Amino acid sequence: MSQTMTAIGVEGGKGPAEAVRAIQIPRPAPGPGQVLIRVRAAGVNRPDLMQRQGAYPPPPGAPDTMGLEVAGEVVQAAGRWQAGDRVCALLGGGGYAEYAVCDARHALPIPKGLDFTQAAALPETVFTVYANVFEHGALKAGETLLVHGATSGIGTTAIQMGKAAGAKVIATARGAAKAQAARALGADIAIDTSAEDFAQVAAREGGVDVVLDMVGGDYFARNLDALKTGGRIVFIAALGGGEVSLPIFRLMQKRAVITGSTLRPRPADEKARLAAEVERVVWPWIEAGRLTPRIDRTFPLAEAGKAQAYLEAGDHVGKIVLLAD
């Protein structure tokens, strides 16, 4: 096995998508409790774009190259894994490469019926949705979930996971075509935000219990309007602005909970706990056909810059995946 490998770096350390380049770096060596994975596919996520722009540095000890989720075969075993096992894994970084290492507890078996491309679209997205919608948001069967950014990788997954859990799902997207795509994924109601006020529609439907928001900005006040008494708003990004005005008395009237989280900086033990929960709860949904990763487009690993530019353009429905073969 070669001691070097192809990975993806950013010329100058940070910059636009055009600065993303294939480079040769040493193949990583797994430490205690880590597995080495021959990467076959890697998911592309918005945190990768933030890292490329210098706004989301990797946590201590993680590779400084991009890539938070992969699928492939175990090369060097640890924990429950044997060489040759097909896994997908959540990483602290370094997934845009031919090989990656991760804590053995952060790898999961590829669900039956899925290929490497589909499996690479799972970890970052499913872990994020599970932690934020079902743990922080405490969504229960019979409640109503409002999902913003319905055609993003997170959105397409959250719609399906909400329905699998027995919730009613209202989804928002910009444009009639994207709203239709959200309905096709199972959303009970899909709102074209360029034509309708989502808060008014949600209120007509009796309000919502949980909001999964990656927009922030001026969506916040309308989220609060859409919320039922005792509802929860969970932030996972702020693409529309990171500062909001908080109407304290409205918050008190609604008895609302406002929360949010990031995934990447969590301690290894917490990610291991979350991985076990995802395998227990979500993997059976996948194997029963109630959740299928929606893949919009794939790119060769060497074209990671083009993949990130495509993600930035915002026309995708589902996940974008790099193929390392």
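The values are calculated or read from the model by the stated rules, or taken from the named source; none is laboratory data. All figures in this text were calculated on a predicted structure; none of them were measured in a lab. Because the Cβ atoms are built from the backbone with ideal geometry, glycine has one as well, and the counts that use them run over all protein chains shown.
Give segment 90-114 a look and list any residue that's within 16 Å of P59 (Cβ to Cβ) and either in a strand (DSSP E or B) or of a type in the set (D, E) (or both), or say none.
L90, A100, V101, C102, D103, listed by residue number.
Being on the phi < 0 side of the Ramachandran plot and either among the aromatic types (F, W, Y) or touching a Ser or Thr at 6+ places or on another chain (Cβ under 7 Å) (or both): is that true of T125 here?
yes
Any idea how many residues of segment 284-300 are surrounded by 15 or more Cβ atoms within 10 Å (Cβ to Cβ), assigned to a strand (DSSP E or B) and not acidic (D, E)?
Of the residues in that region, 4 qualify.
Sort through A275, A238 and tell me the only one that's closer than 22 Å to V87 by Cβ and either surrounded by 15 or more Cβ atoms within 10 Å (Cβ to Cβ) or in contact with a Leu (Cβ under 6 Å, 6 or more places away or on another chain) (or both).
A275
For segment 1-14: of the residues being of a type outside the set (D, E, K, R) and loosely packed, with under 15 Cβ neighbours inside 10 Å, which is nearest to Q51 (Cα to Cα)?
The residue in question is G13.
Mind counting the residues in segment 149-179 that are surrounded by 24 or more Cβ atoms within 10 Å (Cβ to Cβ), basic (K, R) and within 17 Å of F134 (Cα to Cα)?
Adding up the residues that qualify gives 0.
When you look at K140, is it assigned to a loop (DSSP other than H, G, I, E, B) and either touching a strand residue (DSSP E or B) at 6+ places or on another chain (Cβ under 9 Å) or modelled with pLDDT of 95 or more (or both), yes or no?
yes
How many residues, within segment 301-316, are closer than 18 Å to A19 by Cβ and surrounded by fewer than 18 Cβ atoms within 10 Å (Cβ to Cβ)?
6
Being charged (D, E, K, R) and closer than 22 Å to L246 by Cα narrows it down to one residue among D188, D197, D192; which is it?
Exactly one residue qualifies, and that residue is D197.
Report, by residue number, each residue of segment 169-197 that is over 23 Å from A141 (Cβ atoms), of a type outside the set (D, E, K, R) and part of a helix (DSSP H, G or I).
A176, A177, A179, Q180, A181, listed by residue number.
Mind counting the residues in segment 143-168 that are more than 18 Å from the chain's Cα centre (by Cα) and not in a loop (DSSP other than H, G, I, E, B)?
Within segment 143-168, residues that are more than 18 Å from the chain's Cα centre (by Cα) and not in a loop (DSSP other than H, G, I, E, B) number 2.
Are any residues in segment 116-137 over 18 Å from A276 (Cα atoms) and assigned to a helix (DSSP H, G or I), and if so, which ones?
Matches in segment 116-137: F116, T117, Q118.
So which of V210, V281, V234 ends up being in a helix (DSSP H, G or I), modelled with pLDDT of 95 or more and under 21 Å from A158 (Cα atoms)?
Answer to the check: V281.
Considering only segment 237-255, state which residues are assigned to a loop (DSSP other than H, G, I, E, B), farther than 11 Å from F220 by Cα and either acidic (D, E) or touching a strand residue (DSSP E or B) at 6+ places or on another chain (Cβ under 9 Å) (or both).
Those that are assigned to a loop (DSSP other than H, G, I, E, B), farther than 11 Å from F220 by Cα and either acidic (D, E) or touching a strand residue (DSSP E or B) at 6+ places or on another chain (Cβ under 9 Å) (or both): A237, R255.
For segment 71-81, enumerate the residues that are in a loop (DSSP other than H, G, I, E, B), under 14 Å from R38 (Cβ atoms) and of a type outside the set (G, A, S).
Across segment 71-81, the qualifying residue is only W81.
Quick one: count up the residues across segment 244-289 that are charged (D, E, K, R) and touching a residue at least 40 places away in the same chain (Cβ under 8 Å).
Total satisfying the criteria: 5.
Please enumerate the residues belonging to segment 174-221 that are more than 17 Å from D315 (Cβ to Cβ), acidic (D, E) and more than 20 Å from the chain's Cα centre (by Cα).
D188, E196, D197, E205, D209, D218
Note down all Cβ pairs under 7 Å where the first residue falls in segment 165-184 and is closer than 14 Å to V201 by Cβ and among the hydroxyl-bearing types (S, T, Y), the second is part of a strand (DSSP E or B) and modelled with pLDDT of 95 or more, and they're at least six residues apart or on different chains.
Matching pairs, first to second residue: T172/I191.
Can you name the number of the only condition in (1) under 16 Å from T128 (Cβ atoms); (2) part of a helix (DSSP H, G or I); (3) not aliphatic (A, V, I, L, M) that E312 fails?
(1)
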